[in-house]
Amino acid sequence: MGSSCFAHGNQMILEHIKAFLAKNVIESEVDLKGSLCQGCCKDGPSVLIDGTLYTKMNIDKINKLLHQKLPIFKGSL
Ligand code: FES
């Protein structure tokens, strides 16, 4: 939720994640939190999942990550 990531569209990524979790009824199984700057501002928006930082997020990239990282979707892509 740092200012550079905000300027690069993190709100759109956040809304997509929230909608994805709601659509798949898994909000209660995912701990979704905002954080301050992760130190890679020029490559934002960034997303941290299970300790791994992913950068230059867009809707396609976050959608693929959600399918890859959430256990209910493993192997679906
Ligand atoms: S503001 Fe997002 S990494 Fe710095």
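The values are calculated or read from the model by the stated rules, or taken from the named source; none is laboratory data. Note that the structure is a prediction, hence the values are computed from the model and not measured. Reconstructed Cβ throughout: ideal geometry from the backbone, glycine too, with neighbour counts over all protein chains shown.
Quick notes
- Residue selection: G2 satisfies the criterion of being within 16 Å of the ligand (Cβ to nearest atom) and either over 11 Å from the mean Cα position of the chain (by Cα) or of a type in the set (S, T, N, Q) (or both).
- Note on the range 45-61: among residues that are out of contact with any Gly (no Cβ under 7 Å at 6 or more places or on another chain) and part of a loop (DSSP other than H, G, I, E, B), the one that is nearest to H16 (Cα to Cα) is N58.
- Members of the range 5-36 that are within 12 Å of the ligand (Cβ to nearest atom), of a type in the set (A, V, I, L, M) and not in a helix (DSSP H, G or I): L36
- Of the candidates S35, S46, the single residue that is in contact with a strand residue (DSSP E or B) (Cβ under 7 Å, 6 or more places away or on another chain) and at pLDDT 90 or above is S46.
- Candidate set: the range 37-49, residues that are touching a helix residue (DSSP H, G or I) at 6+ places or on another chain (Cβ under 7 Å) and more than 6 Å from the ligand (Cβ to nearest atom); chosen: the one nearest to G9 (Cα to Cα): P45
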